[in-house]
Amino acid sequence: MKPSQAHKTENADSVEQHNPVPKIVLALVCGLLVWAISYILIERADGSAALGDRRDLAALAAPAGQGRVADGKLLFAANCQACHQASGQGIPGVFPPLAGSPWVNDDPDRLAQILLHGMTGPLEVLGTTYNGAMPAFGEQFSDQEIAALATHIRSQWGNGAAPVEAARIAAARAASVAQKAPWHGGEALQAFTTTGGAPKP
């Protein structure tokens, strides 16, 4: 094969082409950067509360129980849902259901005592005996927060019990001030509430 023929069969060497970023994309990126920087410089941390969850600054700054609105749904999701499930059905044989439970729907003082001090030992719910442990929320939550949590539980999953007021939780807390450990078994708690241990406000 002649050299001129071999040269004709070879491909040309590749050359990196110049492909600049489109001007419209550059303009968009620059505009976003300018907006972000100006937003950070102009906006104030103590600006309008209407841009958030619509609570005013006084309510947000207030200590628990003094103007702050407790959200029972959020409290349940953060503290109870893992065991009792979003459906309120619990886990069979492990964690009791809240849906249709007389411990939830009947005497609110019993529910208040469970939330305040927790529960261990055997507890019969809807014909099934559970023997687990529930943590206490009395030191963690205010009366308003426990009332909101109890009210949420008593109004979900087909439950139709009356709301629980913070004053009732305060009375239940005062009546059981000597209770330093979780309630052991449903019978102990039932005896406490039926003998007047938890006075009605």
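Values in this text are rule-based calculations from the coordinates and carry no lab data. Values in this document were obtained by computation on a predicted structure and should not be read as measured data. Cβ placement follows ideal geometry from the backbone for every residue including glycine, while neighbour counts extend to all protein chains displayed.
How do the peptides 80-89, 122-131, 147-156 rank, highest first, by the average count of neighbouring beta carbon atoms within 10 Å per residue?
The most tightly packed comes first, giving 147-156, 80-89, 122-131.
When 134, 119 are ordered from fewest to most other Cβ atoms inside 10 Å of their Cβ, what list results?
Fewest-to-most ranking of 134, 119: 134, 119.
Taking a ≥ b ≥ c as the square roots of the Cα gyration tensor eigenvalues, with a/c under 1.5 meaning rounded and otherwise prolate when a/b beats b/c, else oblate, which class fits region 69-194?
The shape class here is rounded.
Once you have a ≥ b ≥ c as the square roots of the Cα gyration tensor eigenvalues for region 111-153, tell me rounded if a/c is under 1.5, and otherwise prolate or oblate according to whether a/b is larger than b/c.
Oblate, because a/c is 1.5 or more while a/b does not exceed b/c.
Considering only the other residues whose Cβ falls under 15 Å of the Cβ of residue 104, what net charge follows from Lys and Arg at +1 and Asp and Glu at -1?
Overall, the nearby charge balance is -1.
Could you please rank 74, 111, placing first whichever residue has the fewest other Cβ atoms within 10 Å of its Cβ?
Ascending number of Cβ neighbours within 10 Å: 74, 111.
Ranked by Cβ crowding within 10 angstrom, fewest neighbours first, how are 43, 187, 145 ordered?
Result, fewest neighbours first: 43, 187, 145.
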